[in-house]
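Let me begin by presenting the structure, written as structure tokens, before commenting on it.
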Amino acid sequence: MSLSVATPEAVTSSFTPTSSLSGLLETYGDVMTPEQIAEALEYSVGYVRKKIGCAKFQHLPWVAAIAPHRRRQGLNCVYGTQGVASFLDSQRSSLESIRAPSKHLPKLLQAYGPSMPVAQVADALGYSVTYVSKKIGNADYQHLPWVSAIGSHRRKRGSRWVYSTVAVALYLDGRK
């Protein structure tokens, strides 16, 4: 992968762990356990187990995409691989919808890599870390353009959330 190409496609594959249904089917088969879903989405297992089986978390895009594909396998619940693939593809397509070269992407990739923790997002946007961390993960602030543009492209890395550098660059490119 050449990082000198300033397009969303240059890093989307490195931020998204799998690229299609065929890749997931090859790796996991027709159904996936919560542990496998956590691995594919780069979320913690505890987070996936807590959210995926609860109706009050249907507002989360990944739960809405995966939960309808729930099946019983003995005493355990498993989920159809196509639900996970549809969520991953929707995340990828929202980042790839803009084909124009990005003015900010090469600089951000060089400085931060393919994903950014909250402190780096705040630095790139020119906001305080406290302001960004309070707003970015809160559904009450989805009306803010930067929250809606960047907040939906996050992954769990260990105990911390990281955000797609491509999403930050696309937001900065669109900001006047």
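The values are calculated or read from the model by the stated rules, or taken from the named source; none is laboratory data. Not measured: the values here are computed from a predicted model. Counting neighbours? That spans all protein chains shown, and the Cβs are built from the backbone with ideal geometry, glycine included.
Taking (1) within 23 Å of HIS59 (Cα to Cα); (2) surrounded by fewer than 20 Cβ atoms within 10 Å (Cβ to Cβ); (3) touching a residue at least 12 places away in the same chain (Cβ under 8 Å) in turn, TYR163 satisfies each apart from (2).
One line per residue, one yes/no per condition, for (1) on the phi < 0 side of the Ramachandran plot; (2) modelled with pLDDT of 85 or more; (3) not aliphatic (A, V, I, L, M):
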position: LEU95; (1), (2), (3): yes, no, no
position: SER115; (1), (2), (3): yes, yes, yes
position: GLN120; (1), (2), (3): yes, yes, yes
position: ASP123; (1), (2), (3): yes, yes, yes
position: GLY151; (1), (2), (3): yes, no, yes
position: ARG154; (1), (2), (3): yes, no, yes
position: SER159; (1), (2), (3): yes, no, yes
position: ALA167; (1), (2), (3): yes, yes, no
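Here the condition is being in a helix (DSSP H, G or I) and in the same structural domain as THR27 (by TED's automatic domain parsing); of LEU88, LEU109, it holds for LEU88 alone. Return a yes/no flag: does segment 37-44 have any residue that is surrounded by fewer than 16 Cβ atoms within 10 Å (Cβ to Cβ) and among the small types (Gly, Ala, Ser). Looking for residues that are surrounded by fewer than 16 Cβ atoms within 10 Å (Cβ to Cβ) and among the small types (Gly, Ala, Ser), one finds at least one in segment 37-44, hence yes.
When you scan segment 53-75, do you find a residue that is closer than 23 Å to TYR28 by Cα, among the small types (Gly, Ala, Ser), in contact with a helix residue (DSSP H, G or I) (Cβ under 7 Å, 6 or more places away or on another chain) and assigned to a strand (DSSP E or B), even just one? Within segment 53-75, none of the residues are closer than 23 Å to TYR28 by Cα, among the small types (Gly, Ala, Ser), in contact with a helix residue (DSSP H, G or I) (Cβ under 7 Å, 6 or more places away or on another chain) and assigned to a strand (DSSP E or B).
Residues checked against (1) among the acidic types (Asp, Glu); (2) in contact with an Asp or Glu (Cβ under 7 Å, 6 or more places away or on another chain); (3) buried (at least 16 other Cβ atoms within 10 Å of the Cβ):
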{"site": "CYS54", "(1), (2), (3)": "no, no, no"}
{"site": "LYS103", "(1), (2), (3)": "no, yes, no"}
{"site": "LEU125", "(1), (2), (3)": "no, no, yes"}
{"site": "ASN138", "(1), (2), (3)": "no, no, no"}
{"site": "ILE150", "(1), (2), (3)": "no, no, yes"}
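Kindly establish whether ILE66 is free of Cβ contacts under 8 Å to residues at least 60 places away in the same chain, surrounded by 14 or more Cβ atoms within 10 Å (Cβ to Cβ), in contact with a Gly (Cβ under 8 Å, 6 or more places away or on another chain) and assigned by TED's automatic domain parsing to the domain that holds SER159. Taking the combined requirement at face value, the residue does not satisfy it.
Taking segment 134-176 as the region of interest, how many residues are among the basic types (Lys, Arg) and in a strand (DSSP E or B)? Qualifying residue count, segment 134-176: 5.
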